[in-house]
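Taking it in order: structure first as structure tokens, then the write-up.
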Amino acid sequence: MNGAWFTFHFQDFSYSFLSILFEGIPFLLLGSLVSGAIDAFVPAEVFSRLLPKNKIAAIALSGMLGAIFPMCECGSVVVTRRFIRKGLPIASAVTYMLSAPIVNPVVALSTFAAFRGQSPWVMMSLRLMLGFLLAVTVGFIVQQAPMGAILQQSIVDSIPGVRRRTAFRMSAAPREEGGDLNIRLEGGGWRFKILAAVQSATSDFLDVAFFLVVGAAITSVFNTAVNQQVIQPLATNPLLATVAMMVLRFMLALCSTSDAFIAASFVSFPFVAKLAFLVFGAMFDIKLFFLYGIIFKRWFILALGIGLFVAVAVLCLRLTVLNL
Amino acid sequence: MTKAFSRWLPCATLFAWSFILLYFYFSGRIHALLHPIFRPFALVAGAIMLLLAACFLFIPATAECCTDEGCGHALGRGIGGRLLTFLILLLPMCAAAAFSPGGYGASTILNRGVINDASALGGAGAKRAAALASSAAAAASSAAAAANTSSVTEPALPTQDGSTPPPQQAQAQQPEPTDYLHKSKDGNIILQVIDLLYAAQDTSLRGDFENKRVEFIGQYMPDTVNNINGKRFKVVRMLMVCCAADARPVAAVVETEQPSNIPEMSWVKVVGDATFPIEGGRNLAVVKATSVTVTDPPEETMLY
């Protein structure tokens, strides 16, 4: 390794920080607009009606929703929060949130393209399968837990049936009408619904953008100031290499649509370490650590992170027997 | 006061972000930040944020969500929380937009590890490599076709003394294998740093470039690795996949007899002969420079 392991330059930091925001903002905005539209136009019971009554089938189906409703990890958090507020079972919502950034056609194609010459079919298939498997597993675990123990109280309060709060108000709806936005929207016209969707989307966007800014800042420090060759000596040991790649992915907070290109460039690292990088990072990174805070309690986020880290590492290391 | 925060601060934030996105897009500064595929998204996002800000500004709405007990926006409650939220949303982005340069400094490039082996790039830059390879293949097949056509021997006219001269072949019309490459007025092959890296890996491409006069630009960096005799430096370009945050530095080695006093990270134009000596068990792209001149940065500072 050449030079010091940490050298901070504000200009490089700001350049990296700005580029992450420029890349992330459009997708965050898209997620917020979808969320706002769902809020204003989709009745609360729709999701419950659409999903199969069988809980196992419902969770499994949620794990595949990303294939028809693709969303990167930034956007999926906002949409998931809205899904929960609209009455989608939490287990299904969490499953969708974790799987959508992996089990979607854009990520499949980018993974395949990035690993050309490095077993692209195997890498793409394993990434999608492990992502789906882990998301569904977390969904089943979440299904066993009480809602109040996992979700932020404000989210619990806003779920249909347990809702006590009012959503934001607009002048078009007199305050005396009270109640939540859904109740008021039922009697509102299209203009009112569109305005409600816009304001809901804006609130969601600014709320989540806060965490994107914080995550992007931390990522940019690591991205520019830390000498990434520090992990190079770990490449020869599968366990250390896998752990190092997962930590690196956590800190880099890349977009799941493009992280495969970065993983593929670590040619000296074992295949399974790169797989762990791709599976773990799309479900949990430093940016998501903050973003998940808009839905879940802190203890759950920590447990989710640790659980996913261990599960991904163990699964990927088990795959070393395949000599990939 | 709370109403003012509810209405004006989101509006100001959206306007500021929208302005920054649109300014970067229309001024061209976005070229250094995003891959061309992602640039239109930034434009659309900027325009939508402008609309959202206008909605907040002109349509009476109180957005009282964050005044409620059960507000889901964690930092939205209370004036202090709102102010902190919007300062964090506004200040870092504005500061970054104001101070961000058009590229990375030397320390970040070194921290990321300079790549001079195309196999370390994975699929990144593969589009460029594929284009190069297909152009080379197309040129080779057209050269072969031309050679076949020209190999048809034309009957020679008898000379005045009655002897028959050797058959004439249209050798002059046969294209060079490197005709698919773009050339400068001086006849130098104009290429990118990454082309040299791919050529070092590929036997046929290597044949097309080897000992040919080439011309390329990049950023000057001293070479501290492959530089025993002190005559070498690196010419670096950043290879971007999505955005500048994921860009990785790729470099060709340049060898020159002239001592160089070029400032680090300056943009330079190198003219020289491409060679691919075996070093460290593989072919390394080394350009023996005949001239190295400081130049302006290109419009697209990144490679894709």
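The values are calculated or read from the model by the stated rules, or taken from the named source; none is laboratory data. All of these numbers come straight from a predicted model, not from anything done at the bench. For neighbour counting, all protein chains shown are included, and Cβ atoms are generated from backbone atoms with ideal geometry for every residue, glycine included.
Of the residues A:67, A:108, only one is surrounded by fewer than 24 Cβ atoms within 10 Å (Cβ to Cβ), among the hydrophobic types (A, V, I, L, M, F, W, C), free of Cβ contacts under 8 Å to residues at least 40 places away in the same chain and within 14 Å of another protein chain (Cβ to nearest Cβ); which?
After applying the criteria, what remains is A:108.
Residues of segment B:176-191 that are assigned to a loop (DSSP other than H, G, I, E, B) and at pLDDT below 80: B:176, B:181.
Here's the yes/no breakdown for (1) farther than 28 Å from residue B:241 by Cβ; (2) out of contact with any Leu (no Cβ under 9 Å at 6 or more places or on another chain); (3) crowded, with 24+ Cβ neighbours inside 10 Å:
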{"position": "A:256", "(1), (2), (3)": "no, no, yes"}
{"position": "A:263", "(1), (2), (3)": "no, no, yes"}
{"position": "A:270", "(1), (2), (3)": "no, no, no"}
{"position": "A:276", "(1), (2), (3)": "no, no, yes"}
{"position": "A:313", "(1), (2), (3)": "no, no, no"}
{"position": "A:321", "(1), (2), (3)": "yes, yes, no"}
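Taking the criterion of being farther than 16 Å from residue A:129 by Cα and among the polar types (S, T, N, Q), the residues of segment A:255-286 that qualify are A:257, A:258, A:265, A:268.
Which one is farthest from residue A:258 (Cα to Cα), of the residues in segment B:254-285 that are among the aliphatic types (A, V, I, L, M) and in contact with a helix residue (DSSP H, G or I) (Cβ under 9 Å, 6 or more places away or on another chain)?
Here the residue is B:274.
In the condition set (1) part of a helix (DSSP H, G or I); (2) modelled with pLDDT of 80 or more; (3) surrounded by 18 or more Cβ atoms within 10 Å (Cβ to Cβ), residue A:185 is compliant with all but (2).
Scanning segment A:34-64 for residues that are over 15 Å from residue A:82 (Cβ atoms), crowded, with 16+ Cβ neighbours inside 10 Å and among the aliphatic types (A, V, I, L, M) turns up A:51, A:58, A:59, A:60, A:61, A:64.
For segment A:199-209, filtered to residues that are modelled with pLDDT under 85 and out of contact with any Pro (no Cβ under 8 Å at 6 or more places or on another chain), the residue that is nearest to residue A:246 (Cα to Cα) is A:208.
Conditions tested, residue by residue: (1) under 22 Å from residue A:13 (Cα atoms); (2) more than 7 Å from chain B (Cβ to nearest Cβ).
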| residue | (1), (2) |
| --- | --- |
| A:221 | yes, yes |
| A:227 | yes, no |
| A:237 | no, yes |
| A:241 | no, yes |
| A:253 | yes, yes |
| A:262 | yes, no |
| A:266 | no, yes |
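Listed here are the residues, each with its yes/no results for (1) at pLDDT below 50; (2) within 7 Å of another protein chain (Cβ to nearest Cβ); (3) touching a His at 6+ places or on another chain (Cβ under 8 Å).
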{"site": "B:55", "(1), (2), (3)": "no, yes, no"}
{"site": "B:61", "(1), (2), (3)": "no, yes, no"}
{"site": "B:65", "(1), (2), (3)": "yes, yes, yes"}
{"site": "B:72", "(1), (2), (3)": "yes, yes, no"}
{"site": "B:79", "(1), (2), (3)": "no, no, no"}
{"site": "B:89", "(1), (2), (3)": "no, yes, no"}
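With respect to (1) modelled with pLDDT under 75; (2) of a type in the set (A, V, I, L, M); (3) part of a helix (DSSP H, G or I), the lone exception for residue B:124 is condition (3). Could you tell me which residue of segment A:278-302 is surrounded by the most Cβ atoms within 10 Å (Cβ to Cβ), considering only residues that are closer than 19 Å to residue A:122 by Cβ and of a type in the set (A, V, I, L, M, F, W, C)? Per the criteria, the residue is A:278.
Looking only at residues in segment A:146-164 that are among the hydrophobic types (A, V, I, L, M, F, W, C) and loosely packed, with under 14 Cβ neighbours inside 10 Å, which one is nearest to the other protein chains (Cβ to nearest Cβ)?
Going through the qualifying residues, I end up with A:162.
Here is a yes/no grid of residues against (1) crowded, with 18+ Cβ neighbours inside 10 Å; (2) within 11 Å of chain B (Cβ to nearest Cβ); (3) in a helix (DSSP H, G or I); (4) touching a residue at least 12 places away in the same chain (Cβ under 8 Å):
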residue: A:8; (1), (2), (3), (4): no, yes, no, yes
residue: A:32; (1), (2), (3), (4): yes, yes, yes, yes
residue: A:74; (1), (2), (3), (4): yes, no, yes, yes
residue: A:81; (1), (2), (3), (4): yes, yes, yes, yes
residue: A:88; (1), (2), (3), (4): yes, no, no, yes
residue: A:103; (1), (2), (3), (4): yes, no, no, yes
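Taking the criterion of being β-branched (Val, Ile, Thr) and outside any helix (DSSP H, G or I), the only residue of segment B:14-57 that qualifies is B:37. Going residue by residue through segment A:111-122, is there one that turns out to be buried (at least 24 other Cβ atoms within 10 Å of the Cβ) and of a type in the set (Val, Ile, Thr)? Scanning segment A:111-122 turns up at least one residue that is buried (at least 24 other Cβ atoms within 10 Å of the Cβ) and of a type in the set (Val, Ile, Thr).
Checked against (1) surrounded by fewer than 21 Cβ atoms within 10 Å (Cβ to Cβ); (2) touching a Pro at 6+ places or on another chain (Cβ under 6 Å), residue B:233 passes all but a single condition, namely (1). Report yes if residue B:142 is modelled with pLDDT under 85 and surrounded by 11 or more Cβ atoms within 10 Å (Cβ to Cβ), otherwise no. Yes: the conditions hold for residue B:142.
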